Every structure is written in structure tokens, then in C-alpha cells.
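The values are calculated or read from the model by the stated rules, or taken from the named source; none is laboratory data. This structure is a prediction, so every number in the text was calculated from the model and none was measured. Glycine also receives a Cβ, built like all others from the backbone with ideal geometry; neighbour counts cover every protein chain displayed.
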Amino acid sequence: MKKTRGISAHFRRSTTGCRLLSKIQAELGVPVTVPIRDKDVRWNSTHDSWSWFVRNREALSLYNTRRKGEAENVVDNPDGTCYGDHQLSDGDWELIVQGVRICDEKKKKIA
């Protein structure tokens, strides 16, 4: 969760980053949105946040590629980290996908 929160913080603080992400989302034909904030006190906010990441995986991958070639003013997160410190590995992505799947199943059983 720390990595997804760091990426979300980047997009809350970087207008340049938001513009590039929005452009990529539009090119891919996915809804133009920013990451949903995860809140410690609401379990389904993690689900909502991770669902956003799953829906935008390709957009984030392209963002990572295009961002490296651009001279962006780096906006640090409050904890002193920057966007590059929060890159998601294949293992992180698998955990996120599995977490969303499990929560979706729980929601169906509750409804």
C-alpha cells in the first residue's frame, strides 16, 4: 500500500504529471481520472484505490516510460520520497490484482 499511496501522492501534487497521465488515458480510451485516495479507516477505500490501479495499469506503464524522457519539476511527497521511489514491481501488481479479486468476491457475498 505504501507504493500506491506514494504514486497517488505524486499525482495529487504534480500538475505536469496529471496532464501527462490524462493525455495517456485519453489515448488509450480509458476514463480520465486520478488515483483514488486510500484511507486507513475504510477497508473498501483500499479496494477502490487498487481497482483504479488495475484499470490504469497500461496508462501507468506508459506514464513511466514517457516521464523518464521529460524534464519535469520533481515534486516530492511529504515523506521526502519522489515518484520514482514507488515503482510497482510485477510482484506488487500481482498482489494488487489478487487483493481486488478477493475484495470483489467478498462484496458479492455481502450483497
Item checked: Pairs where the first residue, in region 51-66, is within 12 Å of Ser22 (Cβ to Cβ) and the second is surrounded by fewer than 15 Cβ atoms within 10 Å (Cβ to Cβ), C-beta under 7 Å, 6+ apart -> Asn56/Val30; Ala59/Leu28; Ala59/Val30
Check: Would you pick out the residues in region 62-111 that are modelled with pLDDT under 85, under 25 Å from Ala26 (Cα atoms) and loosely packed, with under 12 Cβ neighbours inside 10 Å?
Finding: Lys68, Gly69, Glu70, Ala71, Asn73
Item checked: Single residue of region 1-44 satisfying the filter (touching a residue at least 40 places away in the same chain (Cβ under 8 Å) and in a loop (DSSP other than H, G, I, E, B)) that is nearest to Leu88 (Cα to Cα) -> Met1
Item checked: Where Val41 falls short, out of the listed (1) within 23 Å of Cys103 (Cβ to Cβ); (2) buried (at least 18 other Cβ atoms within 10 Å of the Cβ); (3) modelled with pLDDT under 90 -> (2)
